[in-house]
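Scroll down for the structure; my scribbles are underneath it.
The values are calculated or read from the model by the stated rules, or taken from the named source; none is laboratory data. Source: prediction; values computed, not measured. Methodologically, a virtual Cβ is constructed for each residue, glycine included, from the backbone with ideal geometry; neighbour enumeration extends over all protein chains shown. These area figures cover heavy atoms from the full protein model, side chains too; ligands, DNA and RNA do not enter into them. Shrake-Rupley method; radii C 1.70, N 1.55, O 1.52, S 1.80 Å.
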Amino acid sequence: MESVEIKPGIFWVGAIDWGVRDFHGYVTPNGTTYNNYLLMDEKITLIDTVKDDFSKVMLDNVRNIVDPARIEHIIVNHIEPDHTGCLDKVMDLTPNATLYITDKGKQGLDRHFDTSRWKFKIVKTGDTLNTGSKTLMFLETPMLHWPDSMMTYVRKDKLLISQDAFGQHYATSGRFDDEFFTCFSVYELENAVKDYYANILMPFGSLIKAKIAEIQKLGLEIDMIAPDHGIIWRSDPGKVVNMYLDMADGKADERVVIIYDTMWNSTGRMTQPIMQGIKDENMDVKVIKLRSTPMSIAIKEFWQARGCLLGTPTLNNIMFPSAAEFLTHLRGLRPKNRIVGAFGSYGWAGGGVKEAYEEFRRMKLETVEPGIQVKYRPSLEDESACYEFGKEFAGKVREYHRKF
Ligand code: FEO
């Protein structure tokens, strides 16, 4: 992939990772990109780097434009290794460069590399860097995605380089949002934004809203948002900002997802009448089996629905391990504005459903209790009770959804 000029004198010099399917445990069916940018001005500036595996691709892109030894500034918006993994290699080639980074970023880099010979300039919100004809302004964005994170704004070009925020794990041949020409590819792109948000940024909704408000208050004019993953928002950057505001508000569809696992298919058999009960209340419902589904997809499905029912058998008096794993992931993402319930089978003593509700209460989610439990195999009477439980749950979801 060759470099792409995204604004006069500013080039995308990143790498496309078509093959990655597991991004630190997060499934990436569409691959990803590691975006970074080279600003050619009186003082040449590199903004972010890439994952170490792609250092040669990125450096070749840079060399096609300029000898890396001429780079004077390197901006590190975020220290996670997908953006700094090859920083030591870059520093070896740019002996005169100064790194612009937040204080937290410097502390983090010191733990990843021997930085004793590197020159640093610690920056905070509002600090600027003049490159000759352009002025860059820094904007700290702690926890979007790590404590060190910041964005870089190029006033002359109305360009916001937003690192992880507004990104997507989506490998594509085009670099810009207006290079998606079919309904399907537009749908895939929006889906990639939601998927990324649900799995990475869900806990930070209130921070995101506050940061967007801060940017608006600063009066920064933005006609392009260039994240460090996925496509660059050129034709309509407001679209992704509005998507983020909706997601930060916990927006969800009035529908239900049943997420379950099963040992001898007793809990599995319970899903069918529950699903039918929900459907007969004219509500959309989807069923996801945990061990057949990557965790990050189950999380996204949870995030898109207003209501979720978790089906878990009891194993050794506690939840089934895959159900517990799902709830552990979910608790870390601090979901809100969702209504939940649980069901499952047991042999001689229950425990799984009870434990699921304990976790839900810990997350402060709205619950429909006490759920429904079946001993060994669901009888016809049990299946009728499951059907009624599905109907009841759909009604509660509808009622709860009206609040939003
Ligand atoms: Fe793409 Fe938080 O790193």
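It is to be established whether one or more residues within segment 70-80 are more than 23 Å from the chain's Cα centre (by Cα), open to solvent by less than 50 Å² (accessible area, probe 1.4 Å), at pLDDT 95 or above and within 14 Å of the ligand (Cβ to nearest atom).
Checking segment 70-80: not a single residue is more than 23 Å from the chain's Cα centre (by Cα), open to solvent by less than 50 Å² (accessible area, probe 1.4 Å), at pLDDT 95 or above and within 14 Å of the ligand (Cβ to nearest atom).
Tally up the residues in segment 218-239 that are of a type outside the set (Asp, Glu) and surrounded by 22 or more Cβ atoms within 10 Å (Cβ to Cβ), please.
Adding up the residues that qualify gives 8.
If I ask for residues that are within 16 Å of the ligand (Cβ to nearest atom) and in contact with a strand residue (DSSP E or B) (Cβ under 6 Å, 6 or more places away or on another chain), which ones from segment 170-204 would you list? Lay out the reasoning, then the answer.
Taking segment 170-204 first, the residues within 16 Å of the ligand (Cβ to nearest atom) are 170-171, 192-193, 195-204.
Passing the criteria: 171, 199.
Identify the single condition in (1) more than 27 Å from residue 153 (Cβ to Cβ); (2) touching a residue at least 12 places away in the same chain (Cβ under 8 Å); (3) in contact with a helix residue (DSSP H, G or I) (Cβ under 9 Å, 6 or more places away or on another chain) that residue 77 does not satisfy, given that it satisfies every other one.
(1)
If the Cβ limit is 7 Å and pairs must be 6+ apart or interchain, which residue in segment 187-206 that is acidic (Asp, Glu) pairs with which residue that is open to solvent by less than 10 Å² (accessible area, probe 1.4 Å)?
Cβ pairs passing all conditions: none.
Just to check your reading of the model, which residue among 31, 85 is in contact with a Lys or Arg (Cβ under 7 Å, 6 or more places away or on another chain), within 14 Å of the ligand (Cβ to nearest atom) and under 30 Å from residue 192 (Cβ atoms)? I'd like the intermediate steps shown before the answer.
On the way: 31 fails: in contact with a Lys or Arg (Cβ under 7 Å, 6 or more places away or on another chain).
Within the list 31, 85, the selection yields 85.
Could you please find all residues in segment 278-297 being within 19 Å of residue 374 (Cα to Cα) and out of contact with any strand residue (DSSP E or B) (no Cβ under 9 Å at 6 or more places or on another chain)?
Passing the criteria: none in range.
For residues that are acidic (Asp, Glu), open to solvent by 10 Å² or more (accessible area, probe 1.4 Å) and over 18 Å from the mean Cα position of the chain (by Cα), tally how many sit in segment 240-261.
Initially, segment 240-261 is screened for residues acidic (Asp, Glu), giving 246, 249, 253-254, 261.
Filter once more, keeping what is open to solvent by 10 Å² or more (accessible area, probe 1.4 Å): 246, 249, 253-254.
With the extra rule that they be over 18 Å from the mean Cα position of the chain (by Cα), the set shrinks to 253-254.
Of the residues in that region, 2 qualify.
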